[in-house]
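Structure first, then comments.
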Amino acid sequence: MTSVARPAAVRRRRPPLRVPDWLLPWVSVLGVLVLFEVLPRIGVLPRDHFPPISETLSTLGEELGEAGFWEAVSNTLQGWALGLGIAAGLAIPIGIVIGSSRLLYRASRGVIEFLRPIPSVALIPLAILIYGTGLESKVFLAAFASFWQVLVATLYGVQDVDPVATDTARSFGFSRLQRLFRVTLPSAVPYIATGLRIASAVSLILTVTAELVIGAPGLGRSINLARSGGNEELMYALILTTGILGVLLNGIFVRAERRVLRWHPSQRSGEAGA
Amino acid sequence: MLKVEHLGKTYGEGDDAVEAIGDLDFEVRENEFVCIVGPSGCGKTTLLKCMSGLLTPTRGEIRLHDERIDGPPERMALVFQEYGRSLYPWMSVRQNVAFPLRRKRLDKQAASELVERAVESVGLTGFLDRYPWELSGGMQQRVAIARALAYQPVILLMDEPFASVDAQTRADLEDLILEVRRQYGVTVVFVTHDIDESVYLGDRIVVLTPAPTKVQETLDVDLPFPRDQLETKEQPEFARLRAHVYRSIKRKRTSAEPARAPEEQPATTRS
Amino acid sequence: MTRGRQRLLATGLEVTVPILLLVIWAVASSASETYYFPPLTDILSTFADTWVFERVGSDVVPSLVRMGLGFGIAVVVAISTGLLLGLSPRARRAAAPIVEFLRAIPPPALLPFAILVIGVGNSMKVFIIAFVCIWPILLNTIDGVTGVDPTLRDTTRVYGINRRDRLWRVMLPAASPQVFAGMRTSLSLALILMVISEMVASTNGIGYFVLQSQRTFAIPEMWSGILLLGILGYTLNGVFVLIERRVLRWHRGARASALG
């Protein structure tokens, strides 16, 4: 959307060098990269804590050829996927069932409201006890944490269905089950999609946490090992990797969410704009 | 006092350009109550936004007391149509009315007096500590008017302020604005699409054409003060003026292109 | 069943079901021989011994202080930055890629970085909590500011409100519902980071205690710590919601009248 021509104002305020809008993000990224390249080299930032970015990036490049790197990445992804999958697989059906019945909802609300704020990381020691220090622990923690996100989102989505829509369906003679599948579920999908996006981030966090704290194989553990082994470039390279992973995974869900929201008649319970 | 000189406003560029205002030229004198009427979509809101300095004109200029308007002038207040969205919901009535006064650096006593006087003149004295959402639409608009009055502007702009309330409330508010204008002696520029309202309230009526907007004609309203909802409207002069304005608006429409004036254009409010 | 009766049943269920579950847990576990799941009564008595004031000073207080400091710093930094970014589209564009990347890094991955650069003391923990908590509040503040009603903005401009008032008395209150939503997310993140940082690099704190108990096979103590963390999470959230409700009273009123 082009801005309205404001000749007088622009003429007055235009500084000699004006970076065009589209270039701004690139300029700032470049600026940051340059900063983190130069400052360590001239000693403003201690080099053993802040290796120049070029070294980190080249280490990352090397890692891309290492089997160990990809193994760590796949371990993390495994934990993330299983955690999210189990969480969704349990939370969506349970959420639908509870959400569809006012009594069930009221009955379970107390339990949900108490269990939900429990920081799942508190269960780390329990996970170690029961599942050891491998994949199962990871998945247990990730699933536990993600479960609540998806559950709450599903509950909200199922309950927020437009009563007019369900009443209309009922007047047409649809059975309870049919109404569920044809009216309630489709209208709950956007909320579930949002919940899944958040749950995906949560699952990644818990997966990496488990790797870091428990030592389950994966990026989290590798990062810690790199640090304790004095290999700072590798540590940063791996942190970068988790960041990239986070961005990619988030991107997938954002795109999916957008697509789901696009065909869905806008049902945001947000501002009731005038 | 206020001069609009060859005002023009075009939105967009190139092929998408929409000329909301073509060439507007008129004047507002001290203490006048000028009503601006026109068909829907004739750029009335755009005009007010330019007059209040919220939008920069593409051509021409507007002068207040001979100074060019280049951003909201200090002695001018504006009352919006959407009262609900112009009052700060987290502030009480008192705080809303007092808020613009912070600019004037008055001592607490003086500011308080201004606020209370303004609120009293709109008849909401008991509601000083209520919040906007606790009030009805008509009352909210009165708060907006009180806020404008307490600010002590020399000129008050009103953008279809009574369009969103019911007819009864509208009649009350019309009488209210006449009364406070008398009390405060402020010049008023009142934009409306309601012909009856424009004749009832105005000293002078400016009729606009559809987009690209120009002044169709200006006429004086010779009805006596004080105006009364029943008596004034029974006068033959009222009916004559009303019919005249109506014909004036209708006349140009048949010969104009079906131009779409973007009244609801997202005014590029610089933040 | 009539509506009134149904509502009564619902309320009754809401209250009794949790209690019922607790009772079932107590009964089922009392007969328990499993090492990992001691009887509920044991857990509760250990809880009383450990946390009802015994270890409050040595563990609970340091934990809460770190969390409080980290959260507080995050709130201040995030809101002020968010206000500024919210008002300047160009600054937003410039900052966008950096913000998007930094917030996508899973917080635990940053722990080793923090340990490397800052060490294993309190400042490291406060830093990591603050750093992670900034993002939700920052992003929500920006959203809140950019979403301010244009009519409200126009009103503010017409009346010539000065810059400082515009920021603190208009933009901030207008954005506060969003800001609070961000703070609520950050609050739970703060708790999580507090626990993790204590598990990884600490010699005191609730997180440290829980992990340590597991390592030394003091199972009831471990459970008591988990219970404490649960209560902490619940209470903090509850208190926050209460505060939010009070501060945002006007918002609920305004929303209700707009919708109704």
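Key figures
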read-out: Region C:197-223 residues that are facing chain A (nearest Cβ under 7 Å) and over 13 Å from C:F47 (Cα atoms), paired with ones that are surrounded by fewer than 19 Cβ atoms within 10 Å (Cβ to Cβ) and modelled with pLDDT under 90 (beta carbon under 7 Å, 6 or more apart); value: C:Q214/A:L129
read-out: Filtered residue count, region A:212-244, keeping only those that are at the interface with chain C (Cβ under 8 Å from one of its Cβ atoms) and in contact (Cβ under 8 Å) with a residue 60 or more places away in the chain; value: 7
read-out: Test: residue in region C:135-149 that is surrounded by fewer than 19 Cβ atoms within 10 Å (Cβ to Cβ), in a helix (DSSP H, G or I) and either within 13 Å of chain B (Cβ to nearest Cβ) or over 18 Å from the mean Cα position of the chain (by Cα) (or both); value: yes
read-out: Which listed residue, of B:G138, B:G126, is part of a helix (DSSP H, G or I), surrounded by fewer than 18 Cβ atoms within 10 Å (Cβ to Cβ) and in the same structural domain as B:A110 (by TED's automatic domain parsing); value: B:G126
read-out: Which listed residue, of A:L64, A:L30, is more than 14 Å from chain C (Cβ to nearest Cβ) and exposed (fewer than 13 other Cβ atoms within 10 Å of the Cβ); value: A:L64
read-out: Helices (runs of 4 or more DSSP H) contained entirely in region A:43-156, each with at least 3 residues that are acidic (D, E); value: A:53-63
read-out: Matching residues, region C:173-186, being surrounded by 22 or more Cβ atoms within 10 Å (Cβ to Cβ) and within 22 Å of C:M67 (Cβ to Cβ); value: C:V179, C:G182, C:M183, C:S186
read-out: Test for C:G86: is it over 30 Å from B:Q141 (Cα atoms), more than 14 Å from chain A (Cβ to nearest Cβ), outside any loop (DSSP other than H, G, I, E, B) and not aliphatic (A, V, I, L, M); value: no
read-out: Whichever residue in region B:47-85 is touching a strand residue (DSSP E or B) at 6+ places or on another chain (Cβ under 8 Å) and of a type in the set (S, T, N, Q) and, among such residues, is surrounded by the fewest Cβ atoms within 10 Å (Cβ to Cβ); value: B:T58
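The values are calculated or read from the model by the stated rules, or taken from the named source; none is laboratory data. Here the structure is a predicted model, which is why all the values come from computation and not from measurement. With ideal geometry, Cβ positions are generated from the backbone for all residues, glycine too; neighbour counts draw on all protein chains shown.
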